[in-house]
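Every read-out reported here was derived from the displayed coordinates using simple, explicitly stated rules and does not represent laboratory data. Predicted model only: the values in this text are computed from it and were never measured. Using ideal geometry, Cβ is built from the backbone for each residue, glycine included, and neighbour counts are taken over all protein chains shown.
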Amino acid sequence: MFGKGSREEGWGIQVSHVDRKFGKRLVLQDIDFEVKPAEIFGLLGPSGSGKTTLVKLMAGIDRPTSGTVVVGGVQMPRLDMLGKIGYMAQSDALYAELTAKENLDFFASLFGLRGRGRRRRIEEVMELVHLTDSMKKRVSTYSGGMKRRLSLAIAMLHRPRILILDEPTVGIDPALRVSIWNELRDMSQSGTTILVTTHVMDEAEKCHRLGMLRDGRLIAVGTPGELKASANVTTIEEAFLAFGGVRG
Amino acid sequence: MRVCALVVRIWRQFLHDKRTLMLMLVAPILILTLVSLVFNGNTYKPKIGTVDVPAMVTQRLAQEDVSLVSYSSTNSALEALKTQTIDAYISWQDGRPAVVLEGSDPSKNKAILLDLQQMAEASSPGPTGIQPKITYLYGSAKMSSFDNFGPALIGFFAFFFVFLVAGISFLKERTTGTLQRLVATPIRRWEIVAGYVAGFGLFTTIQAILIAWFCVDILGMMMNGRLINLLLITLLLSITALTLGTFLSSFANSEFQMMQFIPLVIVPQVFFSGLFNIDTMAVWLRWLSKIMPLYYGADAMRNVMIRGKGFTDIVMDLAVLLAFSLVFMVLNVLTLRKYRHV
């Protein structure tokens, strides 16, 4: 629907009746939704609502207590699927004592990129996040926003079919945020399925569809327009409050 | 391929972190040099006071390796003893020597008693009994105590620094979230463990070569076996330390908690590494040595360096170290399940 056939058909994500318990604590309860191929799907919810837990299930590094997560037709978690998914964690998982280039080199070779192709791809993604000039600097000298951008560059490095971004634009200045969102839209147009979590309401507006998460339950799913219309409000924030059972 | 990537990364981290690099390479050399200076010094020359000792006896005493000071009364000799200007004094009572020792240092006590005994033997008239002919199967009369426990020390340093550095770097991987990031890539759990073993293994080989060369060629430590066997032991010992360190690091939440493993894991091993005689320990305690990697490492080290034994004589020790490493590696792979279920 968004792709124009520049890549083979995109992959979707189906989450069916997923529960996730940590000990006795139920963190996710009966989550059931679908991310369609090549769309930008936003997961919206306050911190502690279970966004990161849900994202980890889809990234294939955690297993649901019950229910299934299917990515690109394959039930997760599966080791061979990890190479097709780009994941950017909420905390910047970077090797601070290494340079940006060395970090990229490391992750690129984990994904099997090598030779000239690898070099070119590293330059591409660094260009994308405006870090080309800081390529040879140690990550420990990076600012918070720069680290965030480098994490994003690493997540996109292996041209994943599915990109999962946990709070990607925290600490990034507005101008760069716009350019990152433009890039995400381009990627989705060329067939990449993108899942972002956010708690910034104006970012939520930019997603094709949204899922609202609260206390481990999915309280609403739909396009930003649909959600606002069905709650009979004008902003996403109001819609979130309405679905959460709170009238503003 | 992915193991290689991990090896390259670990090396680059090492090269960027000059201080840790120095700790691993220079610290063992520094400490071994100090130890050799302390234990290779001349044997202690006791300071003995004399009070009214017959001239003949004083002459005999002077032939031993002691320094003599003459005192006019036992009171002044006692004062000197109390201020530790002398280690013992001899006075003459009823035609017999009476010796008072300062007594707080057993090694000085022994040295003085040995000197007095030799003096007594030399002064007793008649045949002094049968002089045995002494030969050494291993070692020699010139062997110093540094030669004796040097091999255990080399093993200890290989173990201690690798345990700490590998443990902390794996811990950092966990606490900074890079481990979480790592398991979101298609790397297999065993590849993570193998990468760490290979990366650090390569590095500790260099460390081992440097320490062994320094001890043998610069410090002149006794070395009767082949260097390659020594390196083999050090390498296996380091891998045991590495896998144990990374395994235990999953039970620590901070660098400080990692340090807390030192008195629990490292210090007890020192006691069983041959620095102290195990045969004088209680039987049940001796059994403990069997579960300590350093015991096997130090045993093999001494066999190679002092007794000049070959590969076939240390193969059992090496096998045990390898078994330790394999067990810890499997435990490592299993604990990584906590971070990714596939």
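What is segment B:47-136's relative contact order, in percent, from Cα pairs under 8 angstrom and six or more apart in sequence?
Relative contact order comes out at 29 percent.
Convert 10 °C to kelvin, take the viscosity as 1.306 mPa s, use the Kirkwood radius over C-alpha pairs of segment A:52-201 as Rh, and evaluate the Stokes-Einstein diffusion coefficient in µm²/s, rounded to a whole number.
The calculation lands on 100 µm²/s.
Say a site is exposed when it is one of the chymotrypsin sites (Phe, Trp or Tyr not before Pro), sits in a DSSP loop, and has at most 13 other Cβ atoms within 10 Å; what is then the longest site-free stretch of chain B?
B:1-135
Suppose a student asked you for the relative contact order of chain B, using Cα pairs under 8 Å spaced at least 6 residues apart; what percent would you report?
21 percent
For segment B:300-342, report the translational diffusion coefficient in µm²/s to the nearest whole number, using Stokes-Einstein at 4 °C, 1.567 mPa s, and a Kirkwood Rh over Cα pairs.
105 µm²/s
Per residue Cα convex hull volume for segment B:145-338, in cubic angstrom?
Cα-based convex hull of segment B:145-338, divided per residue, equals 119 Å³.
From Cα pairs below 8 angstrom and at least 6 apart in sequence, can you work out the relative contact order of segment A:159-221, rounded to a whole percent?
That works out to 35 percent.
Among B:Thr135, B:Pro106, B:Thr83, whose Cα sits farthest toward the positive end of the charge dipole of segment B:47-136 (+1 at Cβ of Lys/Arg, -1 at Cβ of Asp/Glu, about the Cα centre)?
The listed residue farthest towards the positive side: B:Thr135.
Place a +1 charge on the Cβ of each Lys and Arg in segment A:94-159 and a -1 charge on the Cβ of each Asp and Glu, then give the dipole magnitude about the Cα centre in debye, rounded to the nearest 20.
140 debye
Mind pulling the angle between the C-alpha long axis of helix B:106-123 and the longest principal axis of chain B? Nearest 10 degrees, somewhere in 0 to 90.
It is inclined by approximately 40 degrees.
Please work out the C-alpha center-to-center distance from segment B:169-248 to segment B:295-313 and express it in whole Å.
Cα centres, segment B:169-248 to segment B:295-313: 20 Å.
Report the rotationally averaged projected area of segment B:1-144 based on its alpha-carbon convex hull, in square nanometres.
15.7 nm²
Using alpha carbons only, how many angstrom separate the centre of segment B:1-68 from the centre of segment A:83-154?
Rounded to whole Å, the Cα centres lie 47 Å apart.
Taking every pair of Cα atoms in segment B:63-201, average 1/r, invert it to obtain the Kirkwood radius, and report Rg/Rh to two decimals.
Ratio value, two decimals: 1.36.
Please list, by residue number, every one of the trypsin sites (Lys or Arg not before Pro) in segment A:80-123 that is coil in DSSP and has at most 15 other beta-carbon atoms within 10 Å.
A:Arg114
Let me see the P(r) profile for segment A:94-159: every Cα-Cα distance counted, bins of 10 Å, each bin given as a percent of all pairs.
Result, from short to long distances: 25, 60, 15, 0 percent.
Report the convex hull volume per residue for chain B, counting only C-alpha atoms, in Å³.
Looking at chain B, the number lands at 184 Å³ per residue.
Averaged over A:70-83, how many beta carbons belonging to a partner chain fall within 10 Å of each residue's beta carbon?
2
Calculate the all-directions average of the projected area of the protein assembly as shown's alpha-carbon convex hull, and give it in nm².
39.0 nm²
Can you count the Lys pairs in chain A with C-alpha separation below 24 Å, eight or more apart or on different chains?
Going through chain A pair by pair, I get 28.
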